[in-house]
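Have a look at the structure below, then the notes.
Read-outs: derived from the displayed coordinates by stated rules, not from any lab. Since this is a predicted model, take the numbers as computed values, not measurements. Every residue, glycine as well, gets a Cβ built from its backbone with ideal geometry; the counts of neighbours run over all protein chains shown.
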Amino acid sequence: MEANPLNDPLLKGLTAAQQSAVLHVDGPLLILAGPGSGKTRVVTHRIAHLLRTGIGPQRILALTFTNKAADEMRRRIERLAPGKQVWMSTFHRFCAKMLREHARLVGLRENFTIYDTSDSQSALKRTLEAIDFDPGHFTPQQIAHHISWAKNNLIPAAQYQPRPGHPLGAVTAKIYPSYQQTLLTANAVDFDDLLLHVAMLLRENPEVRTMLDARFRYILVDEYQDTNLAQYAIVRALSMDYPNLAVTGDPDQSIYGWRGANLSNILEFEHDYPDVAVVRLEQNYRSTKSILRAAASLIAHNKRRKEKDLFTDNGEGDPVRLTTYVTNREEAGAIAQTIADALRAGTRRPRDFAVFYRVNALSRTFEFAFRDAGIPYQIAGGVEFFQRMEIKDVLAYLRLLNNPSDDEAFLRVVNNPPRGIGKTSIKRLAEYAVPRRQTLLEAARSAGAVDGLAKKAIASIGKFVHLIDTLAHLAMKEIEELMGHVLVESGYKGHLKESETAEDDERLANIEELLTVAREFDEQHPGDGHLEEFLEQVCLVNDTDVLDGEDDQVTLMTLHASKGLEFPVVFLSAVEEGLLPHERSREHPDEVEEERRLFFVGMTRAQDELHLSMARYREFRGQRRLTVPSQFLMELPVSEFERNEAAIRVWTTFPGEDAPHSDKHDGIDHAHDGIDEHAEIDEHGAAGGDDAEDLSFDVASFDAKKPAPPTAASDEPEYREVGQSARGERIFRLTTAAELHAPAGVQSPEPGIAPEVFHQGMVVRHPDYGIGKIMALSGAGQRRVATVAFPTVGQKKFILAASVLRPVKS
DNA sequence: ATTCGCAAAGTTTTT
DNA sequence: CTTTGCGAAT
C-alpha cells in the first residue's frame, strides 16, 4: 500500500474526508454523503483499496437498490481493479441467489418463480376467490399493499396480528396466510418474499447465518436511507461476526418511506454499531452556490435529519428562477420555448435538460409542448416492455417449463392462443386442485377425474399438457431456440400472424425484440440450461435502466425517478400545494417531510440552472383548478431568486379600445409576457406589491379580438375591467377563482374572520397567493390592516375585516 | 370468445 | 381527461 496520497491513484484529488473513507478497512463505517459529493467515487475507490490490501473479491459484497447503480459500480471497479469479480447486485437479486441455495429451508424448491407485482395481484385475487372471502369495501390492491407492508416489516403470515380496530388489518389477517399458501403451492415468491424469506432464513438457521457472515466479510450498502426492516435484518445478520459493514446514504434523500423504507436505519446506525467511523461528505461538486443555498435552506426545515453543512467551491451561478404562469399549458410552452431557444443558440444540447414533475399524469402537457416545439424528448417510465401482454405471455410459457407449479403462468397460457379451454373448465380444474393442494398442471394431468369437465374440454386439456411436456424436453436448450419452439408449437405466433391489426403487428415486433434479448443472454451465458437464470434476469430488471444519456434528448420524469441523476439545467414544475407536497401527505407531518426531501432531491439534480415553476390554473383530471403556491416556497430564499410573476396580469387599453379576450387561444403572445409588462393588483383593485411603481402598459399585445362576454358561473379565468389608470386607460386583469365563484361585490365566500384573531408572525393562507406570514399590523377594528409576505408575490396589504385570509394551523 | 359500454378511480414504484 | 375493470351482449 502506498503511503503518500499524492502518489496514490486511489487517493489523488480526494479531500481528507473522502480519503479517510477510502482507507477505512475494518469495522463499521457510515458515510453520510450529501448530493453531488462524489459518493460513488469514494465507494468504488474504497473497494479497490480493499482489493489491493489482499482481501479476496469473493469476500466483498456490494448491495444497491437498482441494477443501474450496481452496473455503474461494477464498471468503475473494473477500471480500477480489472478482472476482480466483486459481487455487486441489487438487494433483490442477491436474495434470489441466496434463496435458490437454501430454498428447501423455507419450503420452496430451487426453481421457484419470482412473481412480479401483477402476478402477485392476480394470485391474491385468485386466493380471495378460492377461499370465497369477501373483503368488503377493500380492494385487492389495498390488501396487497398491506401484506407488502407486513413483509417489509418482517412479519410473516403466521405471526401477523391485526391491530384492534383496524378493518384492513382484520381482512389481511384472514387472507395473508392463504395468499402465502397460494404462492407456496405455485413454488413462487413475490418481490417482498425475496427479502422476507432470506431474513427469516438467517434468523432461524444459525449455521447458515454463520456461514454467510463469514463468506461476506466486507459488506457495502448503498442508499442505506432507503432500506426497510427486512433489508436491515439481512444486512445486520451478515455483519455480526465480521462487522465490516460500510453504509452510504443521505437521510435527506430518503423518498421511499411509503414503500417501507425506514429512516431510522440510517439515523440509528451509530447506535447499532457504537464503534462506527463516521465520514461526512458535505462538499458538493455538482451545483452552483445559488442552487445549493436554496436546497439547503429548504431541507433545513425538516426535523428528522442529521444536520449537514453543504458547501461548494463552484461559482455562484445564475439565480434560481421562480416563474408563475397562468396555465399549465403556458408553463409547458414556456419551458419548451426556453429550451428551444438555447438549442437554437447552440449553447446547450437536448440532453442537458430535464423536466421534473411530481406525478406522471403531468407529463402529458409537456409532451404536447415538446412535440409542438420539435424538441426531442424521452419520458422515463412509460409502458414498460416486460409488462406488455405479449411479452408476459411468452415468458409465462418459459416460466411454466421451468417451474411446472407456477399456476399464474399456467393460467396465462392455458388458453392462449385459444384452444377451447374456457373459464368454466379452468374453474373446475381449480376447484379440483385447491383442496388437494395440487398445482393446476397436476390437476390438468388428471383431467379425466375432474368433476364436471366436458369431453371436449378434457381432450383440449390433454393436448395442452402434451404440448407442455413436449416443450419441457427442450428446456435445457439455449433460450432463443427454446423461445422459437414455444412460439411456433404453442401456436402463439401463428395466432398473432393471422390477425391483421396493426396492434398485433406491433406485438410481433415486440416478440422479435424479446428474441433479441434472449440471443444476447445466450451470448453472455454460453452452454445450455440457463432458463432459470434468464427468467430471473428478466423479472428483476427494470426498463428505466435502459434510459440514460445515450440519446441526445430532453428527459421528462417524476421527481422520484430523478434520484441519482444530474443535469445542467433542471425545470422543476408544478410547485403547488396538493402536488408538491402531494395532497395525500397533508395529514401526516412525516409525509410532508418526505415531500420536502423529494423537492430537495429534485433541486439538487441541477448543475448550472434551476427553474422552478407553477401555474395559477392547472388542468388536472379534466378539470381546471385554481392552484395555491407550494408551502415549500416559503422555505426558500425567494428574495434572491429571479421571480417572474405572470399570474395576475394587468392589461390596459386606451379608451375605446377592446379588452383582451379571455380565451386561452386569444392571440396574445404569452411567450413574450415578461415581468415588466405586467404588474400586480390586490383584491381591492389597488396596485400593490414590489413592482407596483413600475406599472407599465402593454398596449401592443392587443389585437382586434372582442372581449369575452361576462359569463355568470364559469370556471374559466376571464379578463375583468377593474378600473382606470391615471391616464384614463381601462385596466383589466385576469379574474381569480375566488371571484368567479363568489357573487359580484362579495370578496369572500364566507364571512371574514374577526380581525383580532390575527397577530404578527402568524402564518395565513390566501386563496390566490397561498401561504404567507403576517409581517405587520396597523389600524383597529374594521379598519385593521395586515401586511403579509408571500413567497411568490411579495408583500400585500389586506383589510382584515374584508379579506379572505385564514389562519393556518401549524 | 371477443367486443362494447359504462362506472369508478386515478402518488411516487429502485425490485 | 384517462385508464381499467367488470358485466352484458353479440
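Normalised radius of gyration for the range A:324-418, please: alpha carbon Rg relative to 2.2 N^0.38 Å, two decimal places.
Scaled against compact globular proteins, the figure is 1.71.
Give the relative contact order (percent, whole number) for the range A:478-626; include only Cα pairs under 8 Å separated by 6+ residues.
In percent, rounded to a whole number, it is 21.
Report the gain in length on full extension from A:THR787 to A:ASP241: 0.36 nm times residue separation, minus Cα-Cα distance, nm rounded to one decimal.
Here the segment from A:THR787 to A:ASP241 would lengthen by 190.2 nm.
How long are the three semi-axes of the equivalent ellipsoid for the range A:1-159, computed from the Cα gyration tensor as the root of 5 times each eigenvalue, in whole Å, largest first?
Rounded to whole Å, the semi-axes are 44, 18, 13.
Viscosity 1.002 mPa s, temperature 20 °C: Stokes-Einstein D of the range A:454-612 from its Kirkwood Cα radius, in µm² per second?
104
Could you tell me the relative contact order of the range A:37-113? Use alpha-carbon pairs under 8 Å, at least six residues apart, and round to a whole percent.
Over the range A:37-113, the number comes to 29 percent.
Between A:ASN360 and A:GLU756, what FRET efficiency follows from the Cβ-Cβ distance if R0 is 41 Å, with the result rounded to 0.05?
0.30
Once Rh is set to the Kirkwood radius over Cα pairs, what Stokes-Einstein translational diffusion coefficient, in µm²/s, holds for the range A:56-97 at a temperature of 10 °C and a viscosity of 1.306 mPa s?
153
Using the 10 angstrom Cβ neighbour count as an exposure proxy, how do A:HIS525, A:HIS759 rank, fewest first?
Placing the least packed residue first, the sequence is A:HIS759, A:HIS525.
For the range A:221-263, list log₁₀ I(q)/I(0) at each q in 0.22 Å⁻¹, using the Debye formula over Cα point scatterers of equal strength and ignoring solvent, two decimals each.
Those come out to -0.70, one per q.
By the scheme Lys and Arg +1, Asp and Glu -1, what is the net charge of all other residues having a beta-carbon under 10 Å from that of A:PHE571?
Result for the neighbourhood of A:PHE571: -1.
So between A:THR117 and A:LYS463, what do we pick up on full extension, going 0.36 nm a residue minus the alpha carbon distance?
Working: separation 346, 0.36 × 346 = 124.56 nm, distance 3.06 nm.
Residue separation times 0.36 nm, minus the Cα-Cα distance, leaves 121.5 nm.
Once each part is reduced to its C-alpha centroid, what is the distance from the range A:1-68 to the range A:140-160 in angstrom?
Measuring centre to centre over Cα atoms gives 37 Å.
Loop-only check: which trypsin sites (Lys or Arg not before Pro) in the range A:220-322 are DSSP coil with at most 12 other Cβ within 10 angstrom?
The qualifying sites are A:LYS303.
Write out the GluC sites (Glu not before Pro) in the range A:179-269 meeting two conditions: DSSP loop, and at most 14 other Cβ atoms within 10 Å of their Cβ. Could you put the intermediate results ahead of the total?
Numbers: sites: A:GLU204, A:GLU207, A:GLU223, A:GLU268; in loops: A:GLU223, A:GLU268.
Here the GluC sites (Glu not before Pro) that fit, given the DSSP loop and packing criteria, are A:GLU268.
What does a probe at A:ARG163 reach in the range A:583-602, counting residues whose amide N is under 15 Å from the point 7 Å along Cα→Cβ?
So the set is A:588-591.
Can you compute the equivalent ellipsoid semi-axes for the range A:144-297, i.e. the square root of 5 times each eigenvalue of the Cα gyration tensor, sorted largest first and rounded to whole Å?
33, 23, 13
How far apart, in nm, are the 7 Å Cα→Cβ label points at A:ARG624 and A:GLU489?
Output for this residue pair reads 6.2 nm.
Checking the a/c ratio against 1.5 first, then a/b against b/c, what shape does the Cα gyration tensor give for the range A:284-336?
Verdict is oblate for the range A:284-336.
Among A:TYR232, A:LEU263, A:LEU245, which residue has its Cα positioned farthest towards the positive end of the charge dipole of the range A:221-327, with +1 placed on the Cβ of Lys and Arg, -1 on the Cβ of Asp and Glu, and the dipole taken about the Cα centre?
After comparing all options, I get A:LEU263.
Of all GluC sites (Glu not before Pro) in the range A:515-623, which ones are in loop regions per DSSP and have a Cβ with at most 12 other Cβ atoms within 10 Å?
Sparse-neighbourhood loop GluC sites (Glu not before Pro): A:GLU550, A:GLU587.
How much FRET efficiency would the formula 1/(1 + (r/R0)^6) give for A:ALA449 and A:GLN524, where r is the Cβ-Cβ distance and R0 is 60 Å, rounded to 0.05?
Working from the Cβ atoms, E equals 0.85.
Calculate the FRET efficiency for A:GLN58 and A:ARG349 from the Cβ-Cβ distance with a Förster distance of 51 Å, rounded to the nearest 0.05.
Using R0 = 51 Å, I get an efficiency of 0.75.
Rounded to the nearest whole Å³, what is the per residue volume of the convex hull around the Cα atoms of the range A:258-386?
Output value, Cα hull per residue: 197 Å³.
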